[in-house]
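Quick notes on the structure that follows.
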Amino acid sequence: MQLIECPWCGPREETEFSYGGQAHVPYPEQPGELSDEQWAHYVFYRDNPKGRFAERWNHNTGCRRWFNAIRDTATYRFERVYRLDDPQPSATELAGPRRSTS
Amino acid sequence: MTSTFRTPEGGRVDRSTTVEFTFDGQTFPGHPGDTLASALLASGRHAIASSVKLGRPRGIAAAWAEDPSGLVQIEEPFPEPMLLASTVELYDGLVAHGLPGQGRLADVPDSARYDAMHVHVDVLVVGAGPAGLAAALTAARAGARVALVDEHSEAGGSLLSGTDRLDGAPAAGWVAAAVAELAAHPEVLHLQRTTAFGLYDDGFVLALQRRTDHLGGAAPRHEARQRVWRIRARQVVVATGAHERPVVFPDNDRPGIMLAGGARTFLHRYGVRVGSEAVVFTTNDSAYDAALDLHRAGVRVAAVVDARPEGSPLRAEECRAAGIPVRTGSVVAGTSGGDRITAALVAPLADGEVGRADELACDVLLVSGGWNPAVHLFSQARGRLRYDEVLGAFLPGERLDGLAVVGSAAGLLDLAGCLADGRRGASAALTALGIAPAAEVRLPTAPEPVVPAAPLVLWRVPDASGAEGSTSFVDLQRDATVADLARAAGAGLRSMEHVKRFTTIGTAHDQGKTSGVLASGITAELLGVPVQDTGTTTFRPPYTPVAFAALAGRDRGRLFDPERVTALHDWHVAAGAVFEDVGQWKRPRYYPRAGEDMAAAVLRECAAARSGVGILDGSTLGKIDVQGPDAAVLLDRMYTNLISSLKVGSVRYGVMCGVDGMVIDDGTVLRLAEDRFLLLTTTGGAAKVLDWLEEWVQTEWPELRVHLASVTEQWSTFPVVGPRSRDVVGAVFPDVDVSNEAFPFMTWRDTTLDGVPVRLARISFSGELAFEVYVNAWYAVAVWERLVEAGAPQGITPYGTETMHVLRAEKGYPIIGQDTDGTVTPHDLGMAWAVSKKKPDFVGKRSFARVENQNPLRKQLVGLLPVDRQTVLPEGSQVVDFLADGRLPPPPVPMLGHVTSSYRSAELARPFALALVKGGRARIGDTVHVPVGGTLVPVEVTSSVLVDPEGARRDG
């Protein structure tokens, strides 16, 4: 069982968290102006990379807060967790030293 | 039986006490400190059971968990299958018998307790042998928080099995001092009889502690028998030692054939000679220790058979001095015997050819093919293994963060090296943790190691018997042989994972502790590839078997899942309610009177609610307090209908959809103030809806000034339902004008009762005049009893969930999750009226515009009336249609939909159902069919609203 670092609570057991799918998929500004296909892409289509993936997580049996994380889908390693109001870390930032989040 | 094979002295058993046990119906003596295996061997018993497929006699083949064959079933004090005689600690009154590979689970409930403990440590050391003790001492002295776990009854590891001396004295003295020192460190947790059976991510290790197993029937009942330790370690030091590896040869499975190191353990730890006359077959120097020790203990050693052409000159000299013949360049090419080995067939081996064999009489054959480091935990941590050609073994092949493998688990075989490696591993762990090590930890002085002669890697002796390897057993427990491996190779299998599954080697109780590497080596030989290329199969937890009872711990029976009860639970119990589980809630289903079954009780309760007055405990309904200046903005975005136009003091029904436009929950919304709402959700949807709202508030609209809190358990809720409900509510709350004009439908009013705040709401889930009463859960019983008392003249009837369901179904009110699944829109439910056309957007709106949503053949909620006025359609039944000729279409018969709710109706005086039916609303008036128990029941399709379609009753 992994430890996941909640940006608010620090490292906690993974069973305290729930997965929220791909991060940075905003609700469309004007859903009514989208074609069925564009809307379907928002509702159903998500990336499925092998390797780094920006994801949403919820510390739902802890502080109940949502946050984002960069996780490697092949190794399951969390490379970075960041608050929802933080920008997505770039590849260059991720290559650098791991930022302390506690 | 007497303990003929017990040595006169020595060993760590308590000779002052004798216990009795029964094996296969025969009584044997033993001592505390014995295992079942050592006590049987002390009485000269080797045979344990017959093998699972071939029925060949099998005995005790090793002294601990690596034994592939000594399987027993415990009968007393409590039935337990598939244990190893070598690991069952002996106690008085033990009753066991040998197992031919399959055991029997107890058919009575296990009354023992099991529990779990969580612990967080800086350093976890697994194994309390020399390397592990050195590691634990190093970490403890530095002030680290340490856990040391070891699977044996006492610390010492290999030191318990030999004659090693440390600091010039028997090693037991150093072990005792180390254990005492560890006990004095407040931050050290030292657990014996504790097996680390699984290593997971981020230093998470599960260990099973056998706390009272060794006490048998005398175990105190209040103490947990076994405990699962859930250890989170920042650093793990694996000091799990090594398993001796046998060599495979024809007829290598007879009782009396065992690992040489095992025989040495039985001698030194338990004071047991495993036989009278031994042949020792080895490929390396370690078995010479067994030969010499057994010789000194009075066992006649007929020969040491050393497969190496040169043998071990140094050790051979010791043997000569002791009068033990040594045959170099020789192997055991077969055995004779029945329930016990009687002779070993010894033959020269040159250039892979077995020469002429001669028979050496013996009653034990001790085998050593080298040592396999116990790399299981390292491998579970996804560590890569490296094949070492000199040792013929797989070793840790890389460094892992947070995990060090030390001692013989890392391939070291000398005592001084293991001690130093344990200290090194712990020091590295401390460095990684930033903990300053204490001054250099002095290690005890071990005798200068004698450089052993190089071992020979020999997996198997060629089969010269003509049996083609069909009696050369690789996995004794699975009766799998060299011939099976040859078949696997011949069938084209190349991966050890495939070979394992084809041959079943390594899939038994012992998970291939002795057979796994042998199978890799022999397969490599058969395929003509290097052993590194065949590799091993994946090591998976658990390292040794763990009972489900231990994993379940206290989470069984009533404690498996939390039970939630309402404030009125005791009242319901006293009233004789029959309960049902709704999620974690216990809810009264109905309140039977004497002689009533459920059907009768529900008909009575329904009639009371429709013609007089009933009362329901609806406290489990989810309640969410939504506060903030933007509360209405949020709810407008989340519900399909308009919430912001709701006036303070009023109530609105609302539907919530996912972005895909499918209904996820429904309920009512009370506007308590301009900036405050109370949301009612379904009982099952309460947590989900709160999560759903939180998700949108946090992730999409953090700018909204709104806060959400669950108040489900703070408010008790009682719908008072029926044409006479106004009389009852008016009587209990005289300050409220309950007339329809002053208190209309879908409004709420606050009042007090003896100073206690109460909220009343005109909400109806039955179509009848109804008042929901909300009160702080502390006062629930008092207010409920007032209502019941005041309603006595009207015959107020408490009713349960079953009646609630019937009443709502008669009105066509769906239960989300019962009458819907994830494919149903509000329009499918006939609730287009609850979908706002004014709002520019809300969650799900865009999906309603999809073409598929306009499809007239979508499944729609309708009512069904069985034409026979008798049949209660089973929920989940399919709905089918006849062809024009009045017959079923040929299979596969198209399914029109299915029955979602089905009840008897007192009001309609017949059964009815709700169903999702393709194009259902257009088929109202049609007759379709529902297969019930082999017959097709004709049913009429109706509107989903079967009672009071005009809504005339809601105002009383």
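The values are calculated or read from the model by the stated rules, or taken from the named source; none is laboratory data. Given the structure is predicted, the values throughout are model-derived calculations rather than measurements. Positions of Cβ are generated from backbone atoms using ideal geometry, with glycine treated the same way; all protein chains shown enter the neighbour counts. Please note that ligands, DNA and RNA were not included when accessible areas were found on the heavy atoms of the full protein model with its side chains. Shrake-Rupley method; radii C 1.70, N 1.55, O 1.52, S 1.80 Å.
Once the Cα-Cα distance is subtracted from the 0.36 nm per residue extended length, the residue B:97 to residue B:943 segment shows a gain of 297.7 nm. The simple spin-label model puts a point 7 Å past each Cα toward its Cβ; for residue B:756 and residue B:388 those points are separated by 7.5 nm.
Please average, across the residues of A:20-30, the number of beta carbons from any other chain that are within 10 Å of each residue's own beta carbon, and give a whole number.
Working: counts 2, 0, 0, 1, 0, 1, 2, 8, 3, 1, 3.
Across A:20-30, the average partner-chain Cβ count within 10 Å equals 2.
Here segment B:227-325 exposes an accessible surface that is 48 percent carbon and sulfur, computed with a 1.4 Å probe and the other protein chains kept in place.
For the Cα trace of segment B:707-834, dividing Rg by the Kirkwood Rh returns an Rg/Rh value of 1.00. Solvent-accessible area of residue B:748, all protein chains in place: 30 Å² (probe radius 1.4 Å, heavy atoms, ligands and nucleic acids excluded).
Bridgeable aspartates and glutamates around residue B:838 (alpha carbons under 15 Å apart, same-chain partners fewer than 8 residues away excluded): B:636.
On the basis of the beta-carbon distance and an R0 of 25 Å, residue B:703 and residue A:35 show a calculated FRET efficiency of 0.35.
Pulled fully out, how much extra length does the chain show between residue B:598 and residue B:117, if you take 0.36 nm times their separation in residues and subtract their Cα-Cα distance? Provide the component values of the computation, followed by the final result.
Numbers: separation 481, 0.36 × 481 = 173.16 nm, distance 4.44 nm.
Separation in residues times 0.36 nm, less the Cα-Cα distance, equals 168.7 nm.
Each label was represented as a point 7 Å from its Cα along the Cα-to-Cβ direction; for residue B:952 and residue B:565 these points are 4.4 nm apart. Provide the FRET efficiency to the nearest 0.05 for the residue B:921-residue A:92 pair, computing r from the beta carbons and using R0 = 56 Å. In this case the efficiency is close to 0.45.
Near the amide H of residue B:153, within less than 5 Å, lie the amide hydrogens of B:193, all on another chain or at least 5 residues away, with H placed in the peptide plane.
Rounded to the nearest 10 degrees, the inclination of helix B:260-270 to the longest alpha-carbon principal axis of chain B is 80 degrees.
With the full set of protein chains in place, find how many percent of the accessible area of segment B:450-582 is carbon and sulfur; take the probe as 1.4 Å. Don't skip to the end; give the middle numbers.
On the way: 3630 of 6410 Å².
Within segment B:450-582, the accessible surface is 57 percent carbon and sulfur.
Each label point was placed 7 Å from the Cα along the Cα-to-Cβ direction; for residue B:314 and residue B:200 their separation is 4.6 nm.
Going by the alpha-carbon gyration tensor, a ≥ b ≥ c the square roots of its eigenvalues, is segment B:110-237 rounded (a/c under 1.5) or, if a/c is not under 1.5, prolate (a/b greater than b/c) versus oblate? Because a/c hits 1.5 or more and a/b fails to exceed b/c, segment B:110-237 counts as oblate. A cut-off of 5 Å between modelled amide H atoms, ignoring neighbours fewer than 5 places along the same chain, links residue B:272 with B:7, B:267. Comparing the full protein assembly with the isolated chain, the residues of segment B:697-719 losing at least 10 square angstrom of accessible surface (1.4 Å probe) are B:698, B:699, B:700, B:701.
Rounded to the nearest 10 degrees, the inclination of helix B:130-141 to the longest alpha-carbon principal axis of chain B is 60 degrees.
Over segment B:102-223, what percent of the accessible surface lies on carbon and sulfur atoms, probe 1.4 Å? Walk me through the numbers on the way to the answer.
Details: 2660 of 4900 Å².
Ligands and nucleic acids excluded, carbon and sulfur give 54 percent.
Relative to the longest principal axis of the Cα atoms of chain B, the long axis of helix B:598-611 makes an angle of roughly 30 degrees. For the chain pair A and B, buried accessible area totals roughly 2100 Å², probe 1.4 Å, rounded to the nearest 100.
Interface residues of segment A:1-17, defined as those losing at least 30 Å² of solvent-accessible heavy-atom surface relative to the isolated chain (probe radius 1.4 Å), are listed as A:1, A:3, A:13.
All other residues whose Cβ lies under 15 angstrom from that of residue B:553 are scored, Lys and Arg at +1 and Asp and Glu at -1, for a net of +4.
What residues from segment B:394-425 fall in the zone where the backbone N is under 19 Å from a label point 7 Å along the Cα-to-C-beta line of residue B:451? Correct set: B:412-418.
Within the protein assembly as shown, the percentage of alpha carbon pairs spaced more than 40 angstrom apart rounds to 58%.
For chain A, with a Gaussian network of springs between Cα atoms less than 10 Å apart, report the residue from A:14, A:37, A:55 with the top mean-square fluctuation. Among A:14, A:37, A:55, the largest GNM mean-square fluctuation belongs to A:37.
Check cross-link reach from residue B:53 to the lysines: straight Cα distance under 18 Å, and skip same-chain residues fewer than eight apart. In chain and number order, the partners are B:500.
Grab the Cα-Cα distance for residue B:438 and residue B:908, subtract it from 0.36 nm times how many residues apart they are, and report the gain in nm with one decimal.
Details: separation 470, 0.36 × 470 = 169.20 nm, distance 8.54 nm.
Answer, rounded to one decimal: 160.7 nm.
A Cα-only calculation for chain B places Rg and Dmax at 38.0, 115 Å. With 50 Å² as the minimum drop in accessible area between chain alone and full protein complex (1.4 Å probe), the qualifying residues in segment B:196-239 are B:201, B:202, B:232. If the cut-off is a Cα-Cα distance under 16 Å, which lysines reach residue B:845, setting aside same-chain residues fewer than 8 apart in sequence? List returned: B:837. The residues of the protein assembly as shown present an accessible area of 41 Å² per residue when probed at 1.4 Å with all protein chains retained.
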